[in-house]
Amino acid sequence: MLDKLKDLEKEVLKMIGGVESVTGLETIRIKYLGRKGELTAFLRSLHKMAEPKRRTIGRKANELKKKIEKTIDDNKTLLQKGLIEGKVKEEWIDVTQSGTKRLLGHLYPVTQAIEEIRCIFESMGYEVVDGPEVEDDYHSFGALNILPEHPARDAWDTFYLTNGLLMRPHTSPVQIRTMKKRKPPLRFIVPGRVYRYEAEDATHLSVLHQLEGFAVDSNISFADLKGTLLSLMRSLFGKKTKLRFRPSFFPFTEPSAEVDVTCVVCGGKGCRSCGGDGWVELLGAGMIHHQVLRNVGYNPEKVSGFAFGIGLDRIAMIKYRIEDIRDLMKNDLRFLRQF
Ligand code: PHE
């Protein structure tokens with residue numbers, strides 16, 4: 001009997017030693033120590049045996065049971081530890097190694113200017129609207145009081161398409177589209193791209209960006225226009241910024257003005273960037289012409305409004321001290337990364 005136990009011990013330990021998985025060990029445990037296991041059966045059969053043999057053999061058999069249980073448990077722990085260590089080794093990363101830097105882009109300078117201006121106007125209760133870049137004659141000119149033979153059309157000469165439509169030369173058509181759709185009170189800005197038949201130079205582009213602004217309500221006066229533009233320019237360029245209104249002409253505003261701001265480089269003293277003048281021309285503005293209000297079905301006796309159109313590329317030029325406006329269109333990353 002003792003020999004039989006010895007053989008069993010050898011056999012089991014050898015088997016355990018040869019197993020390399022947790023499930024393999026579990027199979028061995030069931031084979032010997034499970035309910036129908038070999039050692040379990042042996043222990044059950046002991047009651048048939050006579051004393052004192054039963055006691056010695058019983059003790060031995062119980063010791064063997066404990067030994068097998070312990071060896072299986074120990075090996076299980078070892079295997080699990082090995083598995084974890086293997087995983088750790090496999091998935092190890094060197095956190096001290098320097099990584100590859102991801103190239104993050106940023107907003108285009110004119111878009112940055114639009115965003116800044118949008119925030120300023122939104123704080124004054126303005127909405128943002130959009131309009132088509134391919135326009136018809138009526139919205140670009142007719143409704144804005146620019147009649148077919150009027151010489152003022154030359155100022156907005158643009159690119160005509162073969163179907164009678166044209167690339168919009170200014171954002172003012174969106175005034176008409178919005179006023180026709182909505183009823184006063186209105187407060188809107190329209191940032192967008194416009195097209196002009198223009199010889200390009202350091203301060204002129206033929207594809208450029210404008211920001212139209214307009215407000216229509218009862219009792220809107222020129223003072224409101226001045227106040228609105230002054231808050232805008234002071235938020236953009238600093239509290240000391242001054243504005244200069246020069247009388248001008250636009251068929252869709254009356255009275256009309258051209259508006260200059262004090263040069264940000266010299267503060268108004270006169271320098272190379274402002275051509276020694278101290279002022280930089282930035283926008284056209286005025287009170288919306290009564291005829292334009294009538295064209296969209298408003299009663300000029302009841303409502304009035306102002307409108308202005310700002311050159312956004314000029315704003316970006318001043319803000320970022322860009323010397324040649326054409327650089328904005330070249331897509332040269334060395335240039336664009338500076339802003
Ligand atoms: N649309 C005019 C231009 O492009 C600017 C402007 C807008 C003037 C609104 C007055 C009022 O030159």
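Just so it is clear, none of the values below were taken in a lab; they were calculated from the coordinates. What you see is a predicted model; the values in this text were computed from it and never measured. Cβ atoms come from the backbone with ideal geometry, glycine included; neighbour counts cover every protein chain shown.
Compared with the direct C-alpha span, the chain from Glu200 to Asp130 gains 22.6 nm at full extension, assuming 0.36 nm per residue. A straight Cα-to-Cα reach below 30 Å connects Lys48 with the lysines Lys4, Lys6, Lys10, Lys14, Lys31, Lys36, Lys60, Lys65, Lys66, Lys67, Lys70, residues fewer than 8 places away in its own chain not being considered. Note on Trp92 and Met49: their simple-model spin labels are 5.1 nm apart, each label 7 Å out from Cα toward Cβ.
Of all aspartates and glutamates in the structure, the ones whose alpha carbon falls short of 17 Å from that of Lys180, not counting any fewer than 8 places away in one chain, are Glu127, Asp130, Glu135, Asp136, Asp137, Glu212, Asp217. In plain terms, if you count all Cα to Cα distances in region 17-163 and split them into 5 Å steps from zero, the share in each step is 2, 6, 8, 8, 6, 6, 6, 4, 3, 3, 3, 3, 3, 4, 4, 4, 4, 4, 4, 4, 3, 2, 2, 1, 1, 0, 0 percent. Placing a pseudo-label 7 Å from each Cα along the Cα-to-Cβ vector at Glu115 and Lys101 gives an inter-label distance of 2.0 nm. Length gained on full extension, Asn62 to Ile30: 9.9 nm, using 0.36 nm per residue less the C-alpha separation. Taking the chain as a Gaussian network of alpha-carbon nodes connected by springs under 10 Å, the highest mean-square fluctuation of the residues Thr262, Thr96, Thr158 belongs to Thr96. Comparing mean-square fluctuations of Leu46, Leu230, Leu104 from a GNM of the chain with C-alpha springs under 10 Å, the top value falls on Leu46. Normalised by 2.2 N^0.38 Å, with N the number of residues, the alpha-carbon radius of gyration of region 47-89 equals 1.95. Distance from the C-alpha centroid of region 80-144 to that of region 27-54: 74 Å, rounded to the whole angstrom. Centre-to-centre separation between the Cα atoms of region 151-186 and those of region 232-291: 23 Å.
Here's the list of lysines a cross-link from Lys242 could span, going by alpha-carbon distance under 20 Å and ignoring same-chain residues fewer than 8 apart: Lys226, Lys269, Lys319.
Working ranking of peptides 77-88, 54-65 by packing, defined as the average number of other Cβ atoms within 10 Å per residue, highest first, is 54-65, 77-88.
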